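Report on one structure; see the data block that follows.
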Amino acid sequence: MTGAREGQLLLRTCRTCQQVCHPPLPMCPHCQSLDWDQRPASGRARLHSWLVSIRPDQQGDAPRIVIVADLEEGVRFVSNLVDAPIASLREGMALELCFRCEGETMLPQFRPAEARS
């Protein structure tokens with residue numbers, strides 16, 4: 001969570017072959033190394049898929065858009081999409097990383113990247 005508090009999404013990276021591994025695994029799927037590091041993601045992504053989540057126990061809340069984003073680093077990341085009307089979503093649309101505070105926790109989320117669409 002240190003990265004999120006500092007406005008960074010940190011990705012697990014193999015020190016041996018430099019490949020990103022997400023979701024994190026005990027062993028690098030590319031070279032089988034157990035030696036890990038972290039590097040910040042660029043924050044750029046493309047929308048792969050999404051669903052609109054409506055919680056029956058929170059009927060007054062706005063629907064939440066849960067997404068799978070293709071990060072520029074070549075891995076997929078599950079997050080929420082903010083600041084986007086549902087009708088505007090399209091596969092492949094450009095996204096940018098942002099952070100939102102939920103209680104005391106900073107969470108990585110995405111929003112449309114207008115200039116890159």
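The values are calculated or read from the model by the stated rules, or taken from the named source; none is laboratory data. If you're wondering where the values come from, they're calculated on a predicted model, not measured in any experiment. Virtual Cβ from ideal backbone geometry, glycine too; neighbours counted across all protein chains shown.
Scanning the range 69-85 for residues that are within 11 Å of the chain's Cα centre (by Cα), outside any strand (DSSP E or B) and surrounded by fewer than 17 Cβ atoms within 10 Å (Cβ to Cβ) gives a single hit, 72. In the range 36-46, what residues are without any contact (Cβ under 8 Å) to a residue 60 or more places away in the chain and assigned to a strand (DSSP E or B)? Within the range 36-46, 36, 37, 38, 39, 40, 46 meet the criteria. For the structure I just gave you, tell me whether residue 52 is among the hydrophobic types (A, V, I, L, M, F, W, C), assigned to a strand (DSSP E or B) and in contact with a Pro (Cβ under 6 Å, 6 or more places away or on another chain). Criteria met by residue 52. Of all residues assigned to the range 22-35, none qualifies as being modelled with pLDDT of 95 or more, buried (at least 16 other Cβ atoms within 10 Å of the Cβ), in contact with a strand residue (DSSP E or B) (Cβ under 6 Å, 6 or more places away or on another chain) and not in a loop (DSSP other than H, G, I, E, B). Among residues of the range 48-69 that are under 26 Å from residue 91 (Cβ atoms) and free of Cβ contacts under 8 Å to residues at least 24 places away in the same chain, those with a beta-carbon under 9 Å from a residue that is of a type in the set (Gly, Ala, Ser) and surrounded by 14 or more Cβ atoms within 10 Å (Cβ to Cβ) at least six positions away or on a different chain give the pairs 66/79; 68/79.
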